[in-house]
Amino acid sequence: MNLHSLRPAKGATHKEKRIGRGEASGKGGTSTKGNKGGQSRAGYKSKKAHEGGQMPIQRRIPKRGFTNLGRIEYKVINLGQIDLYAEKYGITEFNHQNLYINSLISQFDRIKILGTGEVKGKFSFKVNAVSKKAKEAIEAAGGTVEIVK
C-alpha cells in the first residue's frame, strides 16, 4: 500500500449536485425548484408553523385558561422545613436577608410560611405572608411572626 494508491471505500463519496449549470446537467432550467412562485425565488423562507394551506395546529387546537397578571408568587417554606434550616444554616431569625445569604431564596422572592409539619424551636419570622395555622403553631412554640410588605 502506498500513499498514491489510497482512495475512499466504494460508495463512501458522492458527486456534488451541481444545480443550474445548463440543461445538459439534467438540473438546469428551474434548478430543481419547480415553476414560478415564492419557493422558486431567491431569499425564500417558509413561515414558522406553515402547513401548506392546511389549518395550522395552533389554530386547530382551542385556547384554554388564562394567565392572571395580578398573581403574586411566593416562595413557600413549610413548618417542617424550619428546624432543618435552623440546624443546617444556624438561622434563628427567618427573614429575607438570612434566607438569601444561605441561597434558600433568590433576591426578589416573596416568602410565605405554611403550616405543614411541626416547629419545635423558638424562632422569629419577618416574611411577606403566613397561613393562620402556621402563625398559631409558631406562636405556640414561643416564636414571633411579623408581616413585611
- Item | Answer label, with Cα extents along the principal axes in Å calculated from the coordinates and candidates (i) 94, 57, 23; (ii) 87, 67, 22; (iii) 95, 61, 22 | (i)
- Query: In whole Å, how far is the Cα centre of the stretch 3-35 from that of the stretch 59-119?
  - Reply: 62 Å
- Rounded tilt (10° steps) of 79-89 against the dominant C-alpha axis of the chain: 80 degrees
- Separation between the Lys10 and Thr116 pseudo-spin-labels, each 7 Å from Cα along Cα→Cβ, expressed in nm? 6.8 nm
- Proximal charge balance of Val130 [Cβ under 12 Å; K/R count +1, D/E count -1]: +3
- Message: At a 10 angstrom cut-off on C-beta neighbours, averaged per residue, how do the peptides 33-46, 75-88, 95-108 rank from highest to lowest?
- Response: 75-88, 95-108, 33-46
- Query: Who wins for biggest fluctuation among Ile61, Ile138, Ile19 in a Gaussian network model of the chain, springs between alpha carbons below 10 Å?
  - Reply: Ile19
- Query: In whole percent, what relative contact order does the stretch 75-147 give with Cα contacts below 8 Å and a gap of six or more residues?
  - Reply: 34 percent
- Taking a point 7 angstrom from the Cα of Glu87 along the C-beta vector, which residues in the stretch 105-149 have backbone N less than 12 Å away? 120-121
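Within 15 Å, Cβ to Cβ, of Val148, how many net charges do the neighbouring residues add up to if Lys/Arg are +1 and Asp/Glu are -1?
With Lys, Arg at +1 and Asp, Glu at -1, the neighbours total +3.
Every read-out reported here was derived from the displayed coordinates using simple, explicitly stated rules and does not represent laboratory data. No experiment lies behind these values; they were computed from the predicted model shown. Note: ideal-geometry Cβ built from the backbone for every residue, glycine included; neighbour counts use all protein chains shown.
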